[in-house]
Each structure stands twice: as C-alpha cells, then as structure tokens.
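Working notes, beginning with the structure itself.
Laboratory data are not the source of any read-out in this text; all were calculated from the coordinates shown. What you see is a predicted model, and the numbers here were worked out from it, not measured in a lab. Ideal geometry is used to build each Cβ from the backbone, glycine not excepted, and the neighbour counts take in all protein chains shown.
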Amino acid sequence: MTDTSLRTAAFPASRAIRPIAGAEEWVQRLLIVLLACWLLVVILLPLTVLFRKSMENADGAFIGLANFAAYFRDPALVQSLFNTLTVALITTVITIVLAFGFAYAITRSTIPFRNFFRSIALVPLLAPSLLPGLALVYLFGNQGIFKSWLFGESIYGPIGIVIGEVFFALPHAVMIIVTALSAADQRLYEAAESLRTKPFRIFMTVTLPGCRYGLVSAAFVVFTLAFTDFGVPKVIGGQYNVLATDVYRQVIGQFNFQMGAVVGLLLLAPAVLSFAVDRIVQRKQVALLSARAVPYQPKRRPAIDTVCLALCILVSIFVLSILGMAIFGSLIKFWPYNLTLTLAKYDLSVGGAGGWASLWNSLIMASLVALIGPAVVFGGAYLVEKTKVWPWARMAAHFLAMIPLAVPGLVLGLAYIFFFNAPGNPLGFIYATMAILVVNTVGHFYTVCHLTAVTALKQVDAEFEAVSASLKVPFYKTFWRVTVPVCLPAILDIATYYFINAMTTVSAVIFLYSTDTKLLSIAAVNTDDAGNTAAACAMGTMIVAISAAARLLQLAVARALRTRTQAWRGP
Amino acid sequence: MAVGNGRPYLSIRNVNKFFGGFQALKDVSLDVFPGEFVCFLGPSGCGKTTLLRAIAGLDIQDNGSIAQAGTDISALPPSRRDYGIVFQSYALFPNLTVAENIAYGLVNLGRDKAAIRARVAELVALVSLRGQESKYPAQLSGGQQQRVALARAIAMSPGLLLLDEPLSALDARVRINLRGELKHLQRRIGVTTIMVTHDQEEALAVADRIVVMNHGVIEQVGRPDEVYRNPATAFVADFVGHMNFLPATRGDSGVVRVGGVELRADLAGVTASSGGAITVCLRPEDVQVRGLQPQQPNVLQAEITSLEFLGAFCRAELRLGSAEDLGLAADFSINAMRDLDLRIGKMIPVALPPDRLRVFDAEGSAHG
C-alpha cells in the first residue's frame, strides 16, 4: 500500500478523492431525505396545489388568472381587501406605539414590577384570538357595559376588530421590541451624556436608531397577524368583511374553492413580504451589539418613570379587562338580565356545540403535537445543523422549514383541503382524522420551533460529532446522550409553544376538523355563531386556563431541570 | 526521535484542498514517522488546520492521498480512521463527568465495567487528575479540562494523536506548564502526534520536527534547531524567532553588499546574479560584540541608537556606521552591557559572523 501511495507521488495527483460514505453517513442521508419528504408533504406540496387551484375553474380546467380578474371585478370582494388593509394598518400603528412605550418602560425605566408587567403583556398568547372578540361583545356590544363610550358607533366592525387585534398582536410586538431595546450599549449613553447631549436628542440619535430594526420587524409581524387573523373578525366583524372571513365564507358557505384559493393567495402576499423584510432586518440587528458592549443600566428619572408606570398600568388594565371580561361573561347566568354567578356554562354537555368530546380532542391533539412536534423539529434541526452530508439537501430542508412563518393558518388549512382531499392522493386516508390536525398544526408552527432548535444547537460545541466519530461512537448515540440533554430547555420550550398553539389555534384547523375531531377552539367559534356568547366565553376561558397550566408546568419543569443539572451547566 | 529511518507511519502525497475558489492546500506532501511529535506551524489561514482536518477525515482533501500505517485512508469517513483528537474548545461533553467523558469511547466498545474502570483510573493518573473523576467539565479549570480532553483522546490507544491548537485557550503560564507535560506524556506512551499551533515558541519547545506552512504550502520541514538556525525561506526566517532583514546586492565571489559595506556570506541557493537584489538575514543574538579578533571578517562600526531592557538581555537598535538608514537589532547580554559600558550614542565594533548570515533572493522576502 505504501508503494502505491509512493507511486502516486511520482504522478502529481489529479485523481479526485471521492469520500466513502460509512453506514452512519447513509443513515444521515436517509434521514435527511425523510425530513425533506416530510416538509414537502406538510408544507410545499399543499401550497403548490393551492396555487394551481387558484388558476382552475370549477371543473378543474386551467384558466390562468381569470379567477383573479373575476375577484377584482367584484366590488364586494375588493371592498374587503380594502377593509383588511385598513384595520391591519390602524392595528399596526396603535400596537407599535403601545408596544414601544411598554417595552421602553420595561427595559429603560426603574419602575417596580417590571417583570410582572411583562408577564401581563404576554397573557394574550394563551388565548384563542376569538376571545378578545367575545370580551368586546360584553364590554361594548349591544348590551355592553361601556356601550355609551362609543358615542353611537358599533363595536361590530372596524373598531371591534382593531381593539381585538391590538390585544392579540400586542405580546408579539412587545417581545420583539423588548429584545431590540435590551441590546443597548451603556457606553453609547455615557458618551452622549459626556458630550452634554439633551435627553430628547439622545433618544432620537441613540435609542431609536438602536431599535429601529426591531420596530420594523415588529411592525411587519403585527401587520401580518392583523391582516390574516380569523378569530377576531369572525366574532366582532359584523357586516365588515375582511379577507380572512371571505375565505371562510367562500369555502365553507359557498363551496367556491377556486375563489377561496384566490383570496388565500391575497392573504399570503403581505405575509411573504413581511417575512422577507423580517429576514433581512434580523440579519442586520445581529451585528448591532458587539461582544464587548456594556449592558445598559436604567437610571431613575422621576418624570419619565411616572409616565412609564402609567402606561404599564393602562396596558395591563386593557389586557386584564379583556381577559377578565371573557371570564366574567362565562360566569354570568343570563347577561345582562340575571347577573347571578354560575358555572353552568362550563358544562360542555349542555348547549350541544361539541360537548366534552371537543375538550378531549383538543387535549389529545395538543399533547400529540407537543410530543411529535419537538421530536421532528429538533431531529430535523440537528440533521440540518450538525451533519455534513449532502449540503444542498440540508439547505433545502432549512429553506422549507422557513416557509410556514409566511403562511397564514387559513391559507395552510385551505391548502390541506386541496392536497389531502384530492382524489388519488395516497395520503388521503388521513383526511378528516385526528392525524391531519396534528400534521397540520406541527407544520403550521414549524418555523419558530425550527429556529429555536437551530439557535440551541448552534450553542453546542461544533466538534462533538467529530469527537464521537474519532471515538467510534455513532452520531445517534451522542445525539441521545449529549446533544438532547444539553438542549433540553430549548426542547421543552418548543413543546410548550406547540401545546399552547395547538390549544388556541382556530384558523388552519377550521377547514380540517370532522364531527369526530372537533376541537374546543372550534367549538367556541361554532357556539358563538349559534348566538351563545357566554358558553363560547367559557370555552375560551378553559383554553386560557389549560394554556396557562401548560406554561406553569413548563416553568416548574425548567426550574427542576436547572436545579438537577446545575452541576454541569455551571453558574 | 529518530527521523527518516524506517517506514513512515503517515504519508501525505500531493494533497490539494479547495474551499470554493480559495486553495487552502497546494500540493502538500509529508511523511510522519512512528512515535514522532510533529508540529504544523504557521500564521492563521496558512492551511495547517485544514491539513489536520484532512488527516482526520473531517474535511477530506479534493485530491492527493493520505496513507496511515500502510493503508490508504484518503477517502475514509472519520469513524473508520484510527486517531484521537483534541480540539481548541476541548469539546468535552458538559453533561458527563470526567470519568464518563474519558470512558465515552470505551463504553461503546462493550468492554466490561471493571476493565473500563481500570482503564479510566490509569488514564486519570496519567494526566494527573486523580480525585476529579466525578466532577463535570464546568467545575474544572481550563488546564484540567484540557487534560480530560487529552485522556479521552488517548483512551482507545489510537495510532495517531491529533491536537488542534490544544493550548491556545489557556493562560500563558498554564500553557507553558502544560506543553511540557504534553511532551512528557507523548514520550511516555509513544503515540505518533501531530499538533497544530500558531505559536512558534510552543512548536520549538515540544516538536521533534516542525512543519512550517504558509499560504497552503509547506515552507520547511525540520528539527526545531534546524528551522531556527537554518531557515529555508525568508518567510520561515521571519516567522520563527526574531530576524533582521537587510536589503543588499550580490557582489562577486561570496560577497554581499549591504549599504556601502561588503560582507562575506554563504551564497548557496541564491539565484540572483552579480549585482542582483538579495536579502541578508541575521538573528539579533548572533550579532557579536565581545571577543572580536583582529583578522575577523565582517566587522563594522555601529552606533547604538536605542536600548530596550528585556530582563535577561537588552535589545539594541544599531545604526551601521557607513549607511545612515541601515538599522540592525542586536541582543546583548547584561554582562556584555556592563563590561563594555554599552549606552545610547556609543560607537562600537560589531561582527556579523559569515556562518550566521542567511541570504535569500530579494523577491522571496516575506516582509510586508
């Protein structure tokens, strides 16, 4: 053998080395292919079918953009596009102003209870988006407590939608802006002060530029949420049509699947745009804070702190009164005539909207999603991030994993109908089962979880795989013995995120449930449709309670985990 | 270690590696002999780590061959090669104890527990970590973590030990202690070892042979004293130790012209013709100031323009009398300073011994 290698030395080698793949590499390749297939089936293929559908007539013949032309000829439909833009823009402006003030108070003032206020602002994440709508009915509806505050305007319409969407979008905006404002360098402020800069000028030249990417990102996220949300306008929209309710009506009411697909694609447009902007903006935000920056320490400024405290209290009152009203509404015997408190509305067997079965369905679905989701997401992220095989396949899988962030739930749900209900699809057997709800929900919330997993994996030493290969330990053993334990907090995060979203989601699954798999969130929508707002409130409250319990459980487990692993995680 | 006798343990032949359009390794060939401690030395980006990772199978070369113990391993995945490796980050498994980290590969072999325990105890003693077995890496100092990584790498008695900048994350003092222990340990177990480092002092201290690399090319292979005394290229001369570079022209018959002065020097390997530009190199410690003989060649008058006290010796900046702008650094012992009463502004005779002058063609100069 030495002779051969010496002989090659005589002929300057041009023979390209083709690395031999060991058994492990083949296992990894197989898993990557499986991951890519999964992402194709769960995300890309359904969306492709949706695209096709928008260019077909009722008989399935290709008619190009005729459906789009028909859409824009229909003044009622164009009106709802205009309506959607209006409420989304107003929501964005109000939410960003509130969220910025709130985030500023939390990160840059010395007011007490900052962590408490922050938790309050995140409460809406635990609720299905129809809950603020229900609460607004009680607060400002025809028999609402504060109806007179609207000076004769109706809550059923843009006003109600905007208030509901602000509630729904607030935590998302607060989280993004808090992150942006936290990344501040104390030394910039010290430099500005040593140059005797006026506070307002410091704010304009240091604070705002420092978080401008966060603001842009938050604005796009809020706009997309408000543009595509279904729960709030469904409950409180009244005669004010928006795209999300249009899709629902076209598909569920009129069985006009082609027009549903067209509206679905319109819903997709701003989401895709905001997704692209967000990606660009996030890349820039990263470089802002150098490793040597000194973290900002807020100083006492009595006047500003007072304003901050007032704002925090107001926002908290806003959030808590909406949640509180929904809970209160669920406990009232017969609004507004008999205000006796009762738990009767929590007896799901009465009222016929789905019964206790819908609660069990929701719990089973959310548990399955919380088990399967993290396994698939974390395993997939590991393959993408830590293996070396087939770079193009890993990049493709990563790209596919990013798509769901840009796809509103209604659009994904609609796409699933087209794809899984298509005659001849071998996967059609999961249609109208619990499985399609689980698959859809795992896919729907894939991106955030994937990014969480990738971030966690990036923090793990890059050479673990190389070391275990040199020790002849197969990669899957090291994955199980080292990578998973090290990343357990992130995996727990992902599981909780999945569970809560599976409990609260309405938009995607509303197209996909069957009578046997009706979920609690959908039962709430149907119950409200049937005019039983109080029972819908009870269901919404149940979802909040279960989500909150899941969240508290996660915190407890995370704390226990920290204590148990403190020895090796270090201080 | 004996070099050059016997068959090489590792044979690298004409290895090339590209990253996109960048060629990280250019036709690299090298033999490593059994039991040798070899250092890959060079500035960052010189290809030393790339070569190590090619040997490990982590970034396999595009062409060229690598043979280990007579077997061509060029295309094998890492898991089918025979080596232990220590990374700069150590890559210790944070959730496993010291003992579990060291036993990580042994457990997978399915050895019985008593045998594993015995082997771990042996390794723990070898790297002087007795009593730390049940601690986690986060509870150890950097130096201790490095020892755990080393013990883990040699646990399976690999034929080859690969060390990728294993000491550079440590404090200077710990680093010096550990490199001595590393050398000692390597001698004791006799494993063929390759260490990547950018620290020339470290390479000089531990290596049996040094492989100096630059821009993906091996500039020189040799024993530490050879590389230091007899650098093959201007790059090596500059990178290893301190060196004076004097611009010069080639004169006739073994003479070089520096400034206005003619010096005798060994011109072997110089291709410039008479009158051609060359570079004359001399280490500061080779500038002779005591015991000059009357007939001695290459004696010049020099003025001391600055003195820097460096503890054991002084570094002087000299201006060679005949040329205004010709500077030369020279190291003088504290004794010489005192005995000769050396101070700034003093004119002194110095000798530039012909056998210590290294001459290179000017265009090969690594300056700038």
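Worth pointing out:
- Using the Cβ of B:Leu340 as centre and a radius below 11 Å, the other residues enclosed give a net charge of +2, where K and R count +1 and D and E count -1.
- Shown for the range A:54-342: lysine pairs separated by 8 or more places, or found on different chains, whose C-alpha atoms are under 29 Å apart, numbering 6.
- Exposure proxy ranking for A:Met539, B:Met243, based on other Cβ atoms within 10 angstrom of each Cβ and starting from the fewest, stands as B:Met243, A:Met539.
- Residue order for B:Cys314, A:Cys37, fewest other beta carbons within 10 angstrom first, comes to A:Cys37, B:Cys314.
- Percent of beta bridges antiparallel (DSSP, the protein assembly as shown, rounded to nearest 5): 80
- Legend: calculated FRET efficiency, B:Ser253 to B:Asp199, from the Cβ-Cβ distance at R0 = 56 Å, rounded to 0.05, equals 0.85.
- For the protein assembly as shown: rounded, prolate or oblate by the Cα gyration tensor [a/c cutoff 1.5]: prolate
- Ranking A:Asn256, A:Val281, A:Trp335 by how far each Cα lies toward the positive end of the dipole of the range A:231-347 (charges on Cβ) leaves A:Val281 at the top.
- Shape of the range A:54-342, Cα gyration tensor, a/c cut at 1.5: oblate
- Among A:326-337, B:265-276, A:463-474, the order from most to least packed when residues are scored by Cβ within 10 Å on average: A:463-474, A:326-337, B:265-276
- Ranked packing of B:164-177, A:555-568, most packed first, by mean Cβ within 10 Å: B:164-177, A:555-568
- Extending 7 Å from Cα along the Cβ direction at B:Arg229 and again at B:Arg173 yields two label points whose distance is 3.5 nm.
- Gained length - B:Arg117 relative to B:Arg290, 0.36 nm times residue gap less alpha-carbon distance: 56.1 nm
- The dipole here belongs to the range A:54-342: it is taken about the Cα centre, uses +1 on the Cβ of Lys and Arg and -1 on the Cβ of Asp and Glu, and is about 1240 debye.
- Proximity of backbone amide H atoms, modeled 1.01 Å from N, is registered between A:Ile63 and A:Glu56, A:Asn57 at under 5 Å, excluding neighbours fewer than 5 places apart on the same chain.
- Reach of A:Lys477 by Cα under 12 Å, taken over aspartates and glutamates that are not fewer than 8 positions away in the same chain: A:Glu24, A:Glu465
- Averaged over the residues of A:161-167, the number of partner chain Cβ atoms lying within 10 Å of the residue Cβ comes to 0.
- Counting neighbouring Cβ atoms within 10 Å and putting the fewest first, the residues A:Met55, A:Met259 line up as A:Met55, A:Met259.
- Centre-to-centre separation between the Cα atoms of the range A:15-37 and those of the range B:109-180: 32 Å.
- Peptide A:475-485 is shielded by partner chain Cβ atoms: per residue, an average of 3 of them sit within 10 Å of its Cβ.
- DSSP beta bridges confined to chain B are antiparallel in about 75 percent of cases.
- Span-rule helices in chain A, defined as complete DSSP H runs reaching 20 Å or more along the axis (Cα) with Kyte mean at least -0.5: A:23-39, A:75-108, A:158-182, A:208-228, A:257-286, A:302-331, A:355-386, A:488-504, A:533-569
- A Förster radius of 25 Å combined with the Cβ-Cβ distance from A:Leu552 to A:Val350 puts the calculated FRET efficiency at roughly 0.30.
- Per-residue ellipticity at 222 nm from helix content only, as computed over the protein assembly as shown with -39500 (n - 2.57) for each DSSP H run of at least four residues, stands at -16000 deg cm²/dmol.
- Per-residue mean of foreign Cβ neighbours for B:94-107 is 4 (Cβ atoms of other chains, 10 Å radius).
- Charged-residue dipole, Cβ positions (Lys, Arg, Asp, Glu), the protein assembly as shown about Cα centre, Debye nearest 20: 1720
- Whether chain B is rounded, prolate or oblate, judged on the alpha carbon gyration tensor where a/c under 1.5 counts as rounded: prolate
- Note, ³J(HN,Hα) from phi for the range B:315-320, Karplus 6.51, -1.76, 1.60, rounded to Hz, x at Gly and Pro: 9, 10, 9, 10, 10, 6
- GNM remark for chain B: springs join alpha carbons under 10 Å apart, and the peak mean-square fluctuation among B:Ile116, B:Ile194, B:Ile218 falls on B:Ile116.
- Amide H within-cut-off set for B:Ala302, under 5 Å, with H built and near neighbours excluded: B:Gly321, B:Ile348, B:Val350
- With a simple spin-label model that places each label point 7 Å from the Cα along the Cα-to-Cβ direction, the separation between A:Asp74 and B:Asp341 comes to 10.9 nm.
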